[in-house]
Each structure stands twice: as structure tokens, then as C-alpha cells.
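Here's the structure we're looking at; comments come further down.
The values are calculated or read from the model by the stated rules, or taken from the named source; none is laboratory data. As the structure is a prediction and not an experimental result, all values here were calculated from the model. In this analysis, Cβ positions are derived from the backbone assuming ideal geometry, glycine residues included, and neighbour counts consider all displayed protein chains. Only protein heavy atoms, including side chains, enter the accessible area calculation; ligands, DNA and RNA are left aside. Shrake-Rupley method; radii C 1.70, N 1.55, O 1.52, S 1.80 Å.
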Amino acid sequence: MFHVVRSPAPLFRLLSPRGGVLVEAVRGRKSRNDPKAKSKADRVKLPPRIDPEEMVVLKERYEQYDLVVRALRAEFKQEIVRRRYENEVGSRAEERAKREAEEHRALMEWNDRENLRLRQLRVIRIQKQVEEEAKKRAEVVSLREEKRQSVLREKEKEILQLQEEVKTFITTENLEQRIEEALDNPKNYNFAIDKEGRIVKRTALP
């Protein structure tokens, strides 16, 4: 068999091509692709001779070993089945069920307390909302009423003003009287005023 090794000689490294390797023959195990040795080509491999007494002893020991292993497996399997049974329907299952029931009861009590607390907070919040809405509605009604009263006062003022102005209206009954008053009291609107609003110049009536 050949073994590939790198040469340690510096001179060989210098003279050999870059990356070159040295193939060196070494002793060792054959690979599975190597052919059979010529010296063993005619060899016939025979099985070793069996001692009957030793075979009997080995058979007895193997049977004992098999019995022990099967007994251990059966014991382990029975232990696993027993533990599984206890976990499912045995005392451990009862303890676990009791523990789970106690935990469930504690959680339900906490849930009830939390629901009561949240209900109280919700009732307080709803009451505040109702009060605020009622207050807003009252303010809106008050503002609307004030606006309506203000409009009514304005209308009343306009009516009173119209009633006063009606007295000075020119009608068919007082037409001649108003004409005579206008002729007796002529008014001249052609005048000039200064910055203080005083009349500084007025034209003469024709």
C-alpha cells in the first residue's frame, strides 16, 4: 500500500514543482479495493472448531441472561404501567384533581372580586357620564332659553320702535297736515361741517 506524504527536505521543496507531493510506500492495512495477496490466493478459510462442552455452557448462560433481561423489562414495564395508572386514576390523580379544583376555586374567587371591582368602577364611570351629559343638556337648554329670550326682547324692542314710528307715518288722514307742516318748517340739508361736527357753512334756501 502507498501512503501520500509531503517531503520535509528543503532542497526537494525547492526543486519540486509548486504544490508537488511525494508518494512513499508504507506498511499498514489494505483498503477494500486492493486485490487479494498472491500468497493467500489458494487459502480456504475454515471456521474455528467448536467445543461441545463450551457450547453447552454458553447456551445455558445465554438462556439465563435472556431470562434476567426479560424479567427486568417486565418489571420496568409493570412499574411504568403502575405509575401511569396512579397518575391517571390513582392517588396522585386524586391529589392532582384536588389541587386543580382548589386552584380553580381560587381563580374563580379572584375573578369574582375582579369583576365586582370593575363593575363598581364601571357604575361610577357611568354615573359620572350621566351627570356630565345631564349638565351639558341643562347648559344647552339654558343657552337656548337665553337665546330665545334675547330674540324675544329684540322682537319686542322692534315692535315698540315700529309702534313709535307708526305715529309719524304719513297716511291719507294726515297728508294735508304734514304737507302744511313741511311748508311751514322748511329744512335745508345743504351745509358743511368741520372735524368737530359743527356747521360752518349753509346755503340759503331758494
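Residue check, Phe191 against (1) open to solvent by less than 100 Å² (accessible area, probe 1.4 Å); (2) at pLDDT 90 or above, all met but one. Which one?
(2)
Please find, among Glu86, Glu131, the residue that is open to solvent by 100 Å² or more (accessible area, probe 1.4 Å) and out of contact with any Asp or Glu (no Cβ under 8 Å at 6 or more places or on another chain).
Of the residues listed, the single one that is open to solvent by 100 Å² or more (accessible area, probe 1.4 Å) and out of contact with any Asp or Glu (no Cβ under 8 Å at 6 or more places or on another chain) is Glu131.
Considering only residues that are open to solvent by 100 Å² or more (accessible area, probe 1.4 Å) and either touching a helix residue (DSSP H, G or I) at 6+ places or on another chain (Cβ under 6 Å) or not in a helix (DSSP H, G or I) (or both), which ones fall in the range 89-107?
Hit for the range 89-107 is Arg92, nothing else.
Say we look at the range 47-74 and pick out the residues that are among the charged types (D, E, K, R) and under 60 Å from the mean Cα position of the chain (by Cα); which of these is least open to solvent (accessible area, probe 1.4 Å)?
Arg70
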